[in-house]
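K.L.:
Before I ask anything, let me first share the structure, which is written out below as structure tokens.
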Amino acid sequence: MNNPSREEIKKILDTAKTIAVVGLSPNPNRTSYMVSEAMQKAGYRIIPVNPVADEVLGEKSYATLADIPHPVDIVNVFRRSEFLPELAKEFVGIDCPVFWTQLNVVDEDVFNKLADAGYTVIMDRCIKVEHAILK
């Protein structure tokens, strides 16, 4: 499992505008909220994907990736690793080039399947940290 280089990640972050965040909690004390809020403040549109939330960070929340009515540039996952196979299946059904999982969220089989299918896959990296390092 080889993540893209920092140079490639910088290109992704420089061109992306919309990030769908799977598992984005409406609780401001949760990591998913803090990271997403920082990315929103950095200029990205955050689309929450959480079936039990109506709205997070001022944006309508969707139950699934398939429910999002417009394109997204990055899917950022804040769910445990065991959920990745199902999320990957859902991900390939939408028009998004980048599948990104947060720290400690890893499934090598999912990584390889998505990468082999032509998607950019980044696993076990915090998008906020990468953004801060590369801006």
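The values are calculated or read from the model by the stated rules, or taken from the named source; none is laboratory data. Only a predicted model underlies this, so the values are computations on that prediction, with no experimental measurement involved. Reconstructed Cβ throughout: ideal geometry from the backbone, glycine too, with neighbour counts over all protein chains shown. Only protein heavy atoms, including side chains, enter the accessible area calculation; ligands, DNA and RNA are left aside. Shrake-Rupley method; radii C 1.70, N 1.55, O 1.52, S 1.80 Å.
K.L.:
For region 11-134, give the percent of accessible area contributed by carbon and sulfur heavy atoms, probe 1.4 Å, rounded to a whole number.
P.N.:
With neighbouring chains kept in place, the figure for region 11-134 is 49 percent.
K.L.:
Read phi for every residue in region 51-59 and hand back ³J(HN,Hα) as whole Hz from Karplus 6.51 cos²θ - 1.76 cosθ + 1.60, θ = phi - 60°, with x for Gly and Pro.
P.N.:
Whole-Hz 3J(HN,Hα) from phi for region 51-59: x, 9, 10, 7, 7, 9, 6, x, 10.
K.L.:
Label-point separation (nm) for Asn104 and Ala63, each offset 7 Å from Cα along Cα-to-Cβ?
P.N.:
Once both label points are built, they end up 3.0 nm from each other.
K.L.:
Another question, then. Among the lysines, which have Cα under 21 Å from the Cα of Lys17 when same-chain residues fewer than 8 positions away are ignored?
P.N.:
Lys41, Lys60, Lys128, Lys135
K.L.:
Express the accessible area of the chain per residue in Å², computed with a 1.4 Å probe while the remaining protein chains stay in the model. Present the calculation step by step, with values, prior to reporting the outcome.
P.N.:
Details: 7140 Å² over 135 residues.
For the chain, the solvent-accessible area averages 53 Å² per residue.
K.L.:
Report the one residue of Ala38, Asn27, Ser61 whose Cα lies farthest in the direction of the positive end of the charge dipole of region 10-126 (charges on C-beta: Lys and Arg +1, Asp and Glu -1; origin at the Cα centre).
P.N.:
Positive-end residue among those listed: Ala38.
K.L.:
If you put +1 on each Lys and Arg Cβ and -1 on each Asp and Glu Cβ, how big is the dipole of the chain around its Cα centre, in Debye rounded to 20?
P.N.:
The dipole of the chain has a size of about 460 debye.
K.L.:
Just the number: Rg to Rh for the chain, Cα atoms, Kirkwood Rh, two decimals. Please report the intermediate quantities before stating the final value.
P.N.:
Working: Rg = 13.5 Å, Rh = 14.6 Å.
Ratio of gyration radius to Kirkwood radius for the chain: 0.92.
K.L.:
Can you tell me how much longer the chain between Asp14 and Asp95 gets when fully stretched, taken as 0.36 nm per residue apart minus their C-alpha distance, in nm with one decimal?
P.N.:
27.3 nm
K.L.:
A further question on this structure: For every helix of n ≥ 4 consecutive DSSP H residues, a contribution of -39,500 (n - 2.57) applies; sum these over the chain, divide by its total residues, and give [θ] at 222 nm rounded to the nearest 500 deg cm²/dmol.
P.N.:
Calculated at 222 nm, the ellipticity per residue is -10000 deg cm²/dmol.
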